[in-house]
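Here is the structure we will look at.
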Amino acid sequence: MKRVKRRKAQGLQDRYLYDYTFANDNGQNPVMEKAHAYVEHWKEAYRDNTGLLLFGDVGTGKSFFAGCIANALLDRDVPVLMTNFPSILNRLTGVFAEDRVAFIASLDDYSLLVIDDLGVERNTEYAMEQMFTVIDSRYRSKKPLIVTTNLKLEEIKNPPDLAHARIYDRILERCAPVLFSGKNFREEGARATKAAAKEIVSKG
């Protein structure tokens, strides 16, 4: 239990991710069956280096899906890290070259790496280079990667330049695409929160 707790503290650096569990699933997103299947067949996914590319509009449940997989595997004592490129780039900024290499290598110590919200980072030359290094290192490690993005699959298959192509090609080669096309759960949640707040205020 202590080890699982420690793994969660390392692997889920944002506290809200602790709530992204199958137990908290509202059952309204049919795609969630694929998340259950991924966890159930984790040994094969790990052996075959099978990742997932979760794409679709904002608020359709991609991060929740990825978080459910991360939490379920962490509960099984599997080392998982769920992060995003802005966080990775923050860690790398102002760091000596050898420390940068060590940090990127440390990402490959995790059996599963989840990169949330690909495409929100700034497209500077430095950022693109670091992103490529992280993805390429993961690719070479032959360990699974899950990526979530608001980009359309066509945008990923037809990148705007060589820098993006180098990154996207490796993701497409190792990650099976899963489309999230349902309703905006985030918008729905915001409406429910507003309604609850209104009710509380009206009682005052």
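Taken together, the values in this text are just the output of simple stated rules run on the coordinates, not laboratory data. Please read all numbers here as calculations on a predicted model, not as lab measurements. No Cβ is skipped: glycine too gets one built from the backbone with ideal geometry, and neighbour counts run over all protein chains shown.
Within 10 Å of each residue's Cβ, count the other Cβ atoms and sort Ile104, Ile156 from fewest upward.
Arranged by neighbour count, lowest to highest, Ile104, Ile156 become Ile104, Ile156.
Give, to the nearest whole percent, the P(r) tail of the chain beyond 24 angstrom, counting all Cα pairs.
When all Cα pairs of the chain are counted, 43 percent exceed 24 Å.
Residue by residue through region 73-90, what is 3J(HN,Hα) from phi via Karplus (6.51 cos²θ - 1.76 cosθ + 1.60, θ = phi - 60°)? Round to whole Hz and write x for glycine and proline.
6, 4, 5, 8, 6, 8, x, 10, 10, 10, 8, 8, 5, x, 5, 4, 5, 4
For region 2-203, give the magnitude of the charge dipole about the Cα centre (Cβ charges: +1 Lys/Arg, -1 Asp/Glu; no others), in debye to the nearest 20.
The calculation lands at about 680 debye.
Using alpha carbons only, what's the Rg to Rh ratio of region 74-168 with Rh from Kirkwood?
Rg/Rh: 0.96.
Return, ordered by residue number, the residues of region 41-72 whose backbone nitrogen is under 20 Å from a label point located 7 Å along Cα→Cβ of Lys5.
In region 41-72, the label zone of Lys5 (backbone N under 20 Å from the point 7 Å along Cα→Cβ) covers 71-72.
When the Cα centres of region 144-180 and region 1-53 are compared, how far apart do they sit, in Å?
That distance is 21 Å.
Keeping to pairs on different chains or 8 or more places apart, tell me how many lysine pairs in the chain have Cα atoms under 15 Å apart.
Eligible lysine pairs with Cα atoms under 15 Å apart amount to 6.
How much FRET efficiency would the formula 1/(1 + (r/R0)^6) give for Ala176 and Asp77, where r is the Cβ-Cβ distance and R0 is 30 Å, rounded to 0.05?
Computed FRET efficiency for Ala176 and Asp77: 0.75.
Can you list residues from other chains, or at least 5 along the same chain, whose modelled amide H is less than 5 Å from the amide H of Val114?
Residues meeting the criterion, in which the H sits 1.01 Å from N, are Leu81, Met82, Thr83, Ile146.
For Thr124 and His41 in one chain, what is 0.36 nm times their gap in residues minus the Cα-Cα distance, to one decimal in nm?
Here the answer is 26.1 nm.
Residue-wise, which Karplus ³J(HN,Hα) couplings in Hz belong to region 6-14, taking 6.51 cos²θ - 1.76 cosθ + 1.60, θ = phi - 60°, and x for glycine or proline?
For region 6-14, the Karplus curve yields 5, 4, 5, 4, 6, x, 10, 6, 9 Hz.
For the Cα atoms of the chain, what angle does the longest principal axis make with the long axis of helix 125-141, in degrees from 0 to 90, nearest 10?
Between helix and principal axis, roughly 90 degrees.
Considering the dipole of region 1-138 built from charges on the beta carbon (Lys and Arg +1, Asp and Glu -1) around the Cα centre, which of Leu53, Gly94, Tyr18 is farthest to its positive end?
Comparing the listed Cα positions along the dipole, Tyr18 ranks first.
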